[in-house]
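The values are calculated or read from the model by the stated rules, or taken from the named source; none is laboratory data. Bear in mind the structure is a predicted one, so any value in this text is a computation, not a measurement. Because the Cβ atoms are built from the backbone with ideal geometry, glycine has one as well, and the counts that use them run over all protein chains shown.
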Amino acid sequence: MQIVRTILWIALLVAILAFSFGNWDKQIDVRIWPGIVWDTRVPALVIVSFLIGIVPMWLYHRGVRWRHTRRITALEQATSQMAAPRADDRPAPTPAASTVAEPANPVDPEPDARS
C-alpha cells in the first residue's frame, strides 16, 4: 500500500512540475480585496489553491484518526481486563474430591496380636 501512495505522490509532483514549466511565463493579477492586488504566476496560484484545499481536510483526517485510535485503545484495554481476571479476583480453588470411596461406618481394624 505504501508503494501505491508513493507512486501517486510522485505522479502528482510530476504533473505539477510539467504544468509549472508550461505556464511559468504567464503572469496574472489576483484581486484579494479592493485595493489589494496580487501579481503572481499561474503555477504559484495553482499550488497555493491546492494547499488551501487539502490542508484543512488533512488536519481533519488526522484528528479523526487520532480520536479513533484512542477509542480503540481504550476498548482493547477494557476488553483485556474483562477477559482475564487478575490473580486477586480469582476464587480459591476447591479441594478435589477423592476418587477412593470411604465406607460410611468404618470397622475397627483387628487388634494387634503383640499387645
In the set 54, 16, 3, which member is surrounded by 10 or more Cβ atoms within 10 Å (Cβ to Cβ) and at pLDDT 90 or above? 54
Conditions (1) at pLDDT below 90; (2) within 45 Å of the chain's Cα centre (by Cα); number of the one not met by residue 111: (2)
